[in-house]
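Visitor: Encoded as structure tokens, here's the structure I'll be asking about.
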Protein chains: 4
Amino acid sequence: MKTLYKTVAAIILITFSACDAKKELSNQIKNGKSYWPNGAQLVISVSMQFETGGQPEGAESPFSGNPLPLGNVDMPAESWFRYGAKEGVYRMLNLWKKHDIHVTSHVVGEAAIKYPDVAKAIANGGHEIAAHGIAWKDQWNLSYKDELDFIKKGIDTVEAITGQRGRGYNANWLRRGVNTLKVLQELDFLYHIDDLSRDEPFVTKVRGKNFVVMPYTLRNNDIVNIEGKNWSPDQHLAQLKMEFDQLYKEGATKRRMMSISMHDRIGGAPAVVNAVDQFIKYAKEHTGVVFMRKDEIANMVKDDPNTPEDNSEFKFNN
Amino acid sequence: MKTLYKTVAAIILITFSACDAKKELSNQIKNGKSYWPNGAQLVISVSMQFETGGQPEGAESPFSGNPLPLGNVDMPAESWFRYGAKEGVYRMLNLWKKHDIHVTSHVVGEAAIKYPDVAKAIANGGHEIAAHGIAWKDQWNLSYKDELDFIKKGIDTVEAITGQRGRGYNANWLRRGVNTLKVLQELDFLYHIDDLSRDEPFVTKVRGKNFVVMPYTLRNNDIVNIEGKNWSPDQHLAQLKMEFDQLYKEGATKRRMMSISMHDRIGGAPAVVNAVDQFIKYAKEHTGVVFMRKDEIANMVKDDPNTPEDNSEFKFNN
Amino acid sequence: MKTLYKTVAAIILITFSACDAKKELSNQIKNGKSYWPNGAQLVISVSMQFETGGQPEGAESPFSGNPLPLGNVDMPAESWFRYGAKEGVYRMLNLWKKHDIHVTSHVVGEAAIKYPDVAKAIANGGHEIAAHGIAWKDQWNLSYKDELDFIKKGIDTVEAITGQRGRGYNANWLRRGVNTLKVLQELDFLYHIDDLSRDEPFVTKVRGKNFVVMPYTLRNNDIVNIEGKNWSPDQHLAQLKMEFDQLYKEGATKRRMMSISMHDRIGGAPAVVNAVDQFIKYAKEHTGVVFMRKDEIANMVKDDPNTPEDNSEFKFNN
Amino acid sequence: MKTLYKTVAAIILITFSACDAKKELSNQIKNGKSYWPNGAQLVISVSMQFETGGQPEGAESPFSGNPLPLGNVDMPAESWFRYGAKEGVYRMLNLWKKHDIHVTSHVVGEAAIKYPDVAKAIANGGHEIAAHGIAWKDQWNLSYKDELDFIKKGIDTVEAITGQRGRGYNANWLRRGVNTLKVLQELDFLYHIDDLSRDEPFVTKVRGKNFVVMPYTLRNNDIVNIEGKNWSPDQHLAQLKMEFDQLYKEGATKRRMMSISMHDRIGGAPAVVNAVDQFIKYAKEHTGVVFMRKDEIANMVKDDPNTPEDNSEFKFNN
């Protein structure tokens, strides 16, 4: 573990120096207490879902509330999805580059097959390629064996295209099943994100061994605007800033992580990227704020004794 | 009654002094008129629902609009609920402590069984433990006898864990039945909150005796965001401030109470706590604003001749 | 007609002087053109629906989306409606008094029967008592005779209580039927409001004679918040101000009327009244803004040659 | 092509001079790079749908969520639609005139038949009359022949009234079918807008020849408020400004187009026109912002080698 930790620490140092150059030491370091390595006061991790091209007929969109009869191609809905590959991901990649941030991208296997250049561009930007299944469909109802095939096919496929093998998992609409964590462990995954119960990473025992849970959120998430209405970008910015202010304050005395999520065809729209751009600038004006990939965080916390252990799902994972 | 009133007055004095130290006298005292004991111009009472762990399969959440077939565990929805016990209640307890406020917590019996430490932490913070049924389920359709058992089991259970016996009641989704007030009276309850008809407490006759109604509101209530979208924290703050400004102004010539409500897994989110934190600061900048537990208020008003009597539901309660 | 016009002009002068004392002359008067008598640049008319107590089982409320089985009393929903009679109307009456404004109140007959003091308080405040049917139920599906009885019973009932006989009509959810205007004419009504097609009053021929249409709006209307969520009071204020700014500007070269609507249990909430209070202050800072009852306006425009005539519904009204 | 290009360039020059007089040169011209003719940094194109009068029974409106049984006239809903012809279009025409902007109007054939004066007023304002079908109904389910008749009847009808023959197409609710582009090509159309995949125009091969796609957006579109609630005009303004800021920035290094859409009875409301008025002023304060009709843009880009070619729908169009 020690070697791994050092490697990770090196990666982190680079990340930190990029973000915090010229800033004063964070409160924790000043106080001699530290809840994250390197004394960060708040770690922010961004998820970028790449799903476009993998969607099934009738998938959620501004059109799906008024669906066509099965078997008819919904031409404008298809074009709405394509936006993610034609504009959305690239716009977000520019945003991460501008701010020197690396994010975690959850890539559906079929999306990578359909748009390999997009998947490669994400990987080439230094971002984490995480797993999101081979296809965009339910997995909570699969048998153990079928679920394993479903996930394995996804990481094999995406690795063949991007050169990165996913070690973090995100299920379709977060709806993992009761076996999912065991399946992920068998496939050598490090963590999953389909849990909304905390504002910091924790470990849970799966067949007696630590498995990392990197909590996701529906709050700081463009998915609340999947219908394409009732959520303006200034509301999104207000949500991000007000959430940040509270977590940052709490970060002075406790380990805190802020999770943000953006989907190719939703978060990739100009006004949303604008809102997130403003948010990142705002966050970076605070000492001790660090943006990290989820695999980096998971590696850091997995065997850290300060990481909470939570076995709320013991009956499924033992 | 007189002894009780004195005791309560003592409690109130303490509360008042904490809030109003160094402030000038309120308008009422200056005018020689008073609508609340101690001359408060506006009394604010916060409800904090603790329900997590008591929810039935398919309970309302951001996932329930697209439910799983019965009998399947909705893993992310369950984790969404757990947030209330892992983060939400504790974050709110910190907020109340920071502002030296005591609130009323409506505790579902099964939530206290599942998370006794959370229930105890609430009680230990000086907050009122009020009743919310033994389980999170419909009670409007129960017989008198079954409803009595349902409520009694709840208060017995929560008392065994927290040491406090609930004397205020909140029904699931406010949906009490036609017998509920009689049942509550038989169980020695002092008040209930499942009424939206006024901005001040009132009494209603139940079998000829005064029973206190502490009106609740859907307006200043995080429950409007149970779907997890279409309501940003800046909107919540605007609602609270604009409601406060009006009620505070009215409080100069009339008894007024402002009711605010927060649920463990919704109001306990960072951005909502941030909004309420800002609101409390704002409210406290006004002279004569007092935050009180609902049992304190109910005791104060129960036999006060200035309290309105309203028998709109006479046919059910006589 | 001339006599009538003079009488109305006198009424208007009083209204104008109350609002516009000490203000400079409006643009129209300065330009020598006038689109309203007395040179007002914008006439604003407020509707205040009084319906509480007349609602049928399962009527729209924050609870009706999840209805109880027929035959069960929805106790919290009933209390939500009562708010209109206990708090809402009185709060709004105070607002109108504070600003010296007279509004048009659409009173459901059964609401007046249940809460006669509320109906009388409205009438005693100098407000117009307009008709809203005897009961809160569909009328679009009634025969001519039944519809006439439905409306007549309403005005007879409300007149007996308030002393005012309604001469303006508002149908339940605006859903008049194809005969409604003929029925209203037979009952000597002057105008109706169930039309959304213009931003100024117009006349339409009913059996060859002028009948006034006072357009209503769903935009500046608290009814958009009947579900009790997704609409914060700052949004309401923004809607009112931005609508006003545009209509006021247009009023310099055209006759314009702004219609605002508030329902007892919705618009009567503190935060909404606060928003409308702020709006009225804002509007009154502009020269030539006049608040008027709808009957006053209808009388003014009925035989004014500058009033547009619109016979879009000719086939129903000839 | 060269002759055409010159003609278009002349048109554009006029447009540019109107907008950019007295402004300094845009970044592109300064940098010696150009993504649009004349060095514009961002081209904005407004669509104005004229549909009122062509709507079928039960068409989407604030009333359609609670529909009347088939065969009953929904009187207030009909009046809500009429607003588009009585107020909405004329208010928008005034706005375009005030800012010297020409827009593209998608005109339903039956709307032009019912309100020929409105259609003529649009054409006489120098705006593009584009096609929107003969009637407001589904076309995705028509045979090739029926779809051709449906579209041809629309352009013939509208041309007879306005003197302009539509060369751009917008399908009902964007729901074109798999044959639509071939049909449009056969009818000599230049472009269609029912595609949401990009923030700039592109060409796609239809039977081997270039066909222009002028992407539309659901984001900067009043249609998100078709239900008449949950979207305030300040939100609309925030959406427009935040979208603009991002696209304008991107326009320094890439060709970018911003698409805005307004429907007669929705966008024509005072508060929305106010919001768009403020937006236009804001946009015009930036150097190199040009408002153009879609036919002008389509002609410019059709054979420009810098225009992206995208054959994502190859299987339908070959």
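The values are calculated or read from the model by the stated rules, or taken from the named source; none is laboratory data. Treat the numbers as computed from the prediction; the structure is a model and nothing was measured. Cβ atoms come from the backbone with ideal geometry, glycine included; neighbour counts cover every protein chain shown. Each accessible area value is taken on the protein alone, full model and side chains, heavy atoms only, with ligands, DNA and RNA left out. Shrake-Rupley method; radii C 1.70, N 1.55, O 1.52, S 1.80 Å.
Visitor: So is B:Trp136 open to solvent by 10 Å² or more (accessible area, probe 1.4 Å), under 24 Å from C:Pro76 (Cβ atoms) and touching a Lys or Arg at 6+ places or on another chain (Cβ under 7 Å) or not? Break it down stepwise before answering.
Guide: Working: open to solvent by 10 Å² or more (accessible area, probe 1.4 Å): yes; under 24 Å from C:Pro76 (Cβ atoms): yes; touching a Lys or Arg at 6+ places or on another chain (Cβ under 7 Å): no.
For B:Trp136, the condition - open to solvent by 10 Å² or more (accessible area, probe 1.4 Å), under 24 Å from C:Pro76 (Cβ atoms) and touching a Lys or Arg at 6+ places or on another chain (Cβ under 7 Å) - is not met.
Visitor: Looking at C:Val178, C:Val183, can you tell me which residue is within 14 Å of chain D (Cβ to nearest Cβ) and open to solvent by 10 Å² or more (accessible area, probe 1.4 Å)? Working first, answer last.
Guide: Details: C:Val183 fails: open to solvent by 10 Å² or more (accessible area, probe 1.4 Å).
Matching residue, one of C:Val178, C:Val183: C:Val178.
Visitor: Moving to a separate point now. Checking the conditions here, which among A:Lys294, A:Lys302, A:Lys249 is touching a residue at least 24 places away in the same chain (Cβ under 8 Å) and either more than 22 Å from A:Gly126 (Cα to Cα) or surrounded by fewer than 22 Cβ atoms within 10 Å (Cβ to Cβ) (or both)?
Guide: Only one candidate passes the filter, namely A:Lys302.
Visitor: Also, I was wondering about something else. Does B:Glu313 fit the bill of being over 28 Å from B:Ala77 (Cα atoms), among the acidic types (Asp, Glu) and more than 9 Å from chain C (Cβ to nearest Cβ)?
Guide: Values: over 28 Å from B:Ala77 (Cα atoms): yes; among the acidic types (Asp, Glu): yes; more than 9 Å from chain C (Cβ to nearest Cβ): no.
For B:Glu313, the condition - over 28 Å from B:Ala77 (Cα atoms), among the acidic types (Asp, Glu) and more than 9 Å from chain C (Cβ to nearest Cβ) - is not met.
Visitor: Across segment C:12-68, what is the number of residues that are at positive phi, open to solvent by 10 Å² or more (accessible area, probe 1.4 Å) and either in contact with an Asp or Glu (Cβ under 7 Å, 6 or more places away or on another chain) or modelled with pLDDT of 70 or more (or both)?
Guide: Taking segment C:12-68 and keeping what is at positive phi, we get C:22, C:32, C:38-39, C:53, C:58.
The next check asks that each one be open to solvent by 10 Å² or more (accessible area, probe 1.4 Å); those that pass are C:22, C:32, C:38, C:53, C:58.
Still in the running and either in contact with an Asp or Glu (Cβ under 7 Å, 6 or more places away or on another chain) or modelled with pLDDT of 70 or more (or both): C:38, C:53, C:58.
Residues that pass the stated criteria total 3.
Visitor: Further question: Scan (1) at pLDDT 95 or above; (2) more than 10 Å from every other protein chain (Cβ to nearest Cβ) for the single condition B:Pro305 breaks and write down its number.
Guide: (1)
Visitor: Related question: Can you spot a residue in segment B:205-212 that is surrounded by 24 or more Cβ atoms within 10 Å (Cβ to Cβ), in contact with a strand residue (DSSP E or B) (Cβ under 6 Å, 6 or more places away or on another chain) and over 30 Å from B:Phe63 (Cβ atoms)?
Guide: yes
Visitor: Here's something else I'd like to know. Scan (1) touching a helix residue (DSSP H, G or I) at 6+ places or on another chain (Cβ under 7 Å); (2) within 14 Å of chain B (Cβ to nearest Cβ) for the single condition A:Trp173 breaks and write down its number.
Guide: (1)
Visitor: Return the total of residues in segment A:231-270 being in contact with a Pro (Cβ under 7 Å, 6 or more places away or on another chain) and not small (Gly, Ala, Ser). Even if it seems obvious, please write down each step before you answer.
Guide: Step one: list which residues in segment A:231-270 are in contact with a Pro (Cβ under 7 Å, 6 or more places away or on another chain), which gives A:238-239, A:242-243, A:246-247, A:257, A:259.
Narrowing the set further to residues that are not small (Gly, Ala, Ser) leaves A:239, A:242-243, A:246-247, A:257.
Of the residues in segment A:231-270, 6 are in contact with a Pro (Cβ under 7 Å, 6 or more places away or on another chain) and not small (Gly, Ala, Ser).
Visitor: Within segment A:142-155, does at least one residue satisfy the condition of being touching a strand residue (DSSP E or B) at 6+ places or on another chain (Cβ under 6 Å) and either at pLDDT below 95 or not basic (Lys, Arg) (or both)? Full working, then the answer.
Guide: From segment A:142-155, those touching a strand residue (DSSP E or B) at 6+ places or on another chain (Cβ under 6 Å) are A:154-155; that's our starting set.
Checking which are either at pLDDT below 95 or not basic (Lys, Arg) (or both) leaves us with A:154-155.
Yes: segment A:142-155 contains one or more residues that are touching a strand residue (DSSP E or B) at 6+ places or on another chain (Cβ under 6 Å) and either at pLDDT below 95 or not basic (Lys, Arg) (or both).
Visitor: Within segment D:157-167, identify whether any single residue is within 14 Å of chain A (Cβ to nearest Cβ) and either farther than 13 Å from D:Gly109 by Cβ or open to solvent by less than 50 Å² (accessible area, probe 1.4 Å) (or both), and answer yes or no. If you could, list the steps in order and put the result at the bottom.
Guide: Within segment D:157-167, the first condition is being within 14 Å of chain A (Cβ to nearest Cβ), and the residues that meet it are none.
Scanning segment D:157-167, I find no residue that is within 14 Å of chain A (Cβ to nearest Cβ) and either farther than 13 Å from D:Gly109 by Cβ or open to solvent by less than 50 Å² (accessible area, probe 1.4 Å) (or both), so the answer is no.
Visitor: If you check B:Leu190, B:Leu218, which single one turns out to be closer than 25 Å to B:Leu247 by Cβ and open to solvent by 30 Å² or more (accessible area, probe 1.4 Å)?
Guide: On the way: B:Leu190 fails: open to solvent by 30 Å² or more (accessible area, probe 1.4 Å).
Exactly one residue qualifies, and that residue is B:Leu218.
Visitor: Then there's this: Within segment A:56-105, restricting attention to residues that are touching a residue at least 24 places away in the same chain (Cβ under 8 Å) and of a type in the set (Asp, Glu), which residue is farthest from the other protein chains (Cβ to nearest Cβ)?
Guide: Among those residues, the one meeting the criterion is A:Asp100.
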